[in-house]
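These notes are about the structure you will find just below.
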Ligand code: PGA
């Protein structure tokens with residue numbers, strides 16, 4: 001049985017006071033009872049320490065949104081996976097489509113980062129997903145399959161790697177694939193990842209309280225990677241509460 005993971009990707013949002021307040025609100029909601037799903041927030045680097053303090057003693061884990069492929073060294077402006085582990089982070093999002101687009105990250109770079117994350121004892125959340133034109137031309141499975149093969153780390157296991165399927169055209173747009181389309185891609189990822197049936201595959205892209213229940217009920221959807229809706233504690237909580 002795969003335990004669902006509900007992960008908030010705050011992206012480049014949150015000044016100190018807002019970030020602390022959001023992490024504290026999530027922590028408050030998470031505290032009172034035990035959960036059927038794992039909970040994770042991924043704030044920007046500047047908020048990690050305060051977010052870790054805010055959720056200490058609750059079931060909420062904290063992760064980064066990127067890391068370097070080396071554990072230390074002369075890489076001005078970068079953050080190493082070991083630095084994230086050292087703070088208390090347990091996960092790191094890698095290869096998000098915004099990083100692939102804004103920073104030209106390739107599959108090979110994402111793979112190297114994921115291997116470094118594993119070496120630093122972090123669980124990488126490796127993101128894949130097609131653009132709208134790739135979907136329109138019927139190439140979704142081919143594109144996602146290729147990204148998967150190129151981006152997943154050597155030596156990963158179902159317990160230590162998470163995959164996120166995020167159609168680029170669904171991110172921040174309010175649009176989502178149909179349930180059948182989501183399930184088709186997730187089932188392919190499970191067959192092709194090489195990580196076995198136990199690997200967790202998150203769906204991301206305009207997941208919100210109103211559609212979370214049906215998405216999370218799909219047989220191969222093991223949680224969500226939530227952007228916009230993770231910036232409101234109540235919405236994030238409503239999605240977590242929609243886990244079957
Ligand atoms: P969204 O973003 O929920 O705002 O669509 C998801 C993501 O980019 O991880």
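Since every read-out is calculated from the coordinates, none of them should be taken as a lab result. Note that the structure is a prediction, hence the values are computed from the model and not measured. In this analysis, Cβ positions are derived from the backbone assuming ideal geometry, glycine residues included, and neighbour counts consider all displayed protein chains.
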Quick note, the range 12-72: a/c under 1.5 would make it rounded; otherwise a/b > b/c is prolate and the rest oblate (a ≥ b ≥ c, C-alpha gyration tensor); here it is oblate
Could you let me know the centre-to-centre spacing of the range 183-244 and the range 1-73, using Cα atoms, in angstrom? 17
Rounded to the nearest 500, what is the chain's calculated 222 nm mean residue ellipticity when only DSSP H runs of at least 4 contribute -39500 (n - 2.57) each, over all residues? -11500 deg cm²/dmol
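Over the chain, what is the percentage of antiparallel beta bridges among all DSSP beta bridges, to the nearest 5? If you can, show how the numbers build up before the last one.
Numbers: 0 of 29 bridges.
If we restrict to bridges inside the chain, about 0 percent are antiparallel.
Normalised by the residues of the chain, what does the relative contact order come to in percent, with Cα pairs under 8 Å and at least six apart?
Values: 514 pairs, mean separation 48.5, N = 244.
Worked out over the chain, it gives 20 percent.
What order, most packed first, do the peptides 174-185, 226-237 have when packing is the mean number of other Cβ atoms within 10 Å of each residue?
226-237, 174-185
For the range 175-241, which semi-axes, largest first and in whole Å, follow from the square roots of 5 times the eigenvalues of its Cα gyration tensor? Please list the in-between numbers first.
Values: eigenvalues 100, 30, 18 Å².
Semi-axes from the Cα gyration tensor: 22, 12, 9 Å.
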Cα radius of gyration and Dmax for the chain (Å): 16.5, 48
Here P(r) for the range 49-134, Cα-Cα distances in 5 Å bins, as whole percents, is 3, 15, 24, 22, 17, 10, 6, 2, 0, 0
Highest mean packing first, using Cβ neighbours within 10 angstrom, the peptides 75-82, 56-63 sort as 56-63, 75-82
